[in-house]
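Notes follow once the structure below has been shown.
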Amino acid sequence: MEQTQKKPRVFSGIQPTGSFTLGNYVGAVRNWPALQDAYDCIYSVVDLHAITVRQNPADLRRQSREAAAMLLATGIRPDKSIIFIQSHVPAHTQLSWVLGCFCPFGDLTRMHQFKEKSKKHPEDINGGLLTYPVLMAADILLYATDLVPIGIDQKQHLELARNIAQRFNGLYGDTFVVPDGYFPTVGAKVMSLQEPDKKMSKSDANANAVVHMLDEPDTILRKFKRAITDSEGTVRAGADKPGVTNLMSIYSVMTGKTFEEIQREFDGQGYGVFKEAVAGSVIDTFRPIQAEYRRLLADRAYLDGVLADGGAAAARLASRMLSKVYRKVGFVAPDALAH
Ligand code: AQP
């Protein structure tokens with residue numbers, strides 16, 4: 001690993017709950033490879049988080065490897081960054097327990113995601129759904145993380161992690177780094193193509209609302225053609241035009257063009273031409289990633305090797321922080337026993 005202790009640390013994770021969406025890509029994953037030269041990066045497939053919603057075991061196993069392959073396909077390099085499966089490092093759940101004892105119950109019931117997911121899954125409002133942000137705090141704080149590249153929907157959870165770190169540090173002295181968020185300036189929240197006031201979500205029941213990173217080009221084109229816009233017919237951004245603004249954000253991220261440039265480019269043209277251009281930019285971005293993903297997924301030995309090495313490297317780092325925390329709260333260290 002090309003890692004020096006001098007570089008600030010980045011940590012982020014993604015749930016293996018299905019194929020990644022354009023929202024996952026634009027809001028988070030796209031930034032992860034970009035950070036790996038300037039930062040010491042750790043990226044995790046967070047399977048422990050995934051079971052807060054009922055998962056089919058065989059699917060979860062398959063999706064965990066698929067998620068890792070997709071992260072590598074987007075450009076994460078195992079010789080530069082650590083990539084691992086969360087459940088391979090028990091320190092995440094061990095620290096989570098400790099942190100849970102420093103997190104007021106009311107803070108957890110206030111979380112937007114808990115409220116939304118409780119509504120979405122009324123038949124299974126389980127404890128994991130409530131304590132999800134504590135586990136996320138453990139994920140981040142375990143590695144003395146400086147920066148967390150995430151979409152804006154995770155901002156509240158990051159705030160909670162910061163609060164827990166500050167509370168613990170206040171009681172026991174400097175232990176955790178208080179992490180900052182890293183949010184994209186454009187595309188921090190990609191909206192549904194069918195209901196542009198709602199986040200684009202993996203689990204949306206309406207297939208046309210979500211573009212997946214593995215969608216075929218004609219599927220991507222069809223979804224964008226059907227995207228909800230408005231009756232004005234002018235490509236410009238504004239609070240009164242959530243559908244068009246969302247498409248402009250996507251196009252801006254894919255092409256690097258500013259909103260002004262995009263507005264000029266489609267001046268006097270209808271939404272049809274604009275939507276085709278947006279779809280084309282997404283298809284062009286995803287095509288090489290899809291090819292690399294398929295290549296990696298076919299090489300199981302390589303993929304599993306990367307994950308085994310990543311898990312071991314993450315476990316080494318994590319155990320240092322866990323021992324420190326255990327010592328601070330007053331647990332007897334096993335090697336301190338006189339026997
Ligand atoms: N629409 C989005 N726009 C911008 N960023 C997004 N992220 C997710 N959706 C958007 C960011 O992607 C990272 C990984 O997210 P996750 O693992 O929490 O997965 P998810 O797709 O949000 O969620 P679920 O719970 O699997 O599915 P749903 O939402 O369908 O119930 C995060 O950094 C997130 O901010």
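For this structure, a couple of remarks:
- Kyte-Doolittle mean at least 1.0, axial Cα span of 20 Å or more - DSSP H helices of the chain: 127-141
- The H on the amide N of MET191, modeled in the peptide plane, is under 5 Å from the matching H of MET200, each at least 5 residues off or on a different chain.
- For TYR182, residues with placed amide H under 5 Å, excluding near neighbours: VAL148, ILE150
- Net charge, LEU141 excluded, C-beta distance under 12 Å - Lys, Arg +1, Asp, Glu -1: +2
- Modelled FRET efficiency - R0 45 Å, ARG300 with ALA333, Cβ distances, 0.05 increments: 0.70
- Full extension of the chain segment joining ASP79 with ALA34 gains 14.8 nm, where the gain is 0.36 nm per residue of separation less the Cα-Cα distance.
- Rounded to the nearest 0.05, the FRET efficiency derived from the C-beta distance between PHE105 and ASP197 at R0 = 22 Å is 0.10.
- Under the criterion of Cα pairs below 8 Å and six or more residues apart, the relative contact order for region 207-294 equals 33 percent.
- Segment HIS112-GLU232, length gained on full extension (0.36 nm per residue, minus Cα span): 39.9 nm
- From the alpha carbon centroid of region 11-72 to that of region 287-339 is 15 Å.
- Normalised by the number of residues in the chain, the average gap of Cα pairs under 8 Å and 6 or more apart makes the relative contact order 22 percent.
- Taking amide hydrogens as placed 1.01 Å from N in the peptide plane, the amide H of ILE83 sits under 5 Å from those of TYR43, GLY310, each at least 5 positions away in sequence or on another chain.
- Taking a straight Cα-Cα cut-off under 17 Å and skipping sequence neighbours fewer than 8 places away in the same chain, the lysines within cross-link reach of LYS80 are LYS6, LYS7.
- Label sites at ASN206 and THR258, each approximated as a point 7 angstrom past Cα along Cα to Cβ, lie 3.3 nm apart.
- Computed E for ALA312/GLU276 - FRET, C-beta separation, R0 41 angstrom, nearest 0.05: 0.30
- Working from Cα pairs under 8 Å separated by at least six residues, relative contact order for region 1-94 is 40 percent.
- Within straight-line reach of LYS199, meaning a Cα separation under 30 Å, sit the following lysines at least 8 residues removed in sequence or on another chain: LYS115, LYS117, LYS119, LYS120, LYS155, LYS189, LYS223, LYS225, LYS241, LYS257, LYS275.
- Charge tally for GLN86 (other residues, Cβ to Cβ under 10 Å; Lys, Arg +1; Asp, Glu -1): -2.
Each value in this text was obtained by applying a stated rule to the coordinates, not by laboratory testing. Since we're looking at a predicted model, the values are computed, not measured. Glycine gets a Cβ as well: all are built from the backbone with ideal geometry, and neighbour counts include every protein chain shown.
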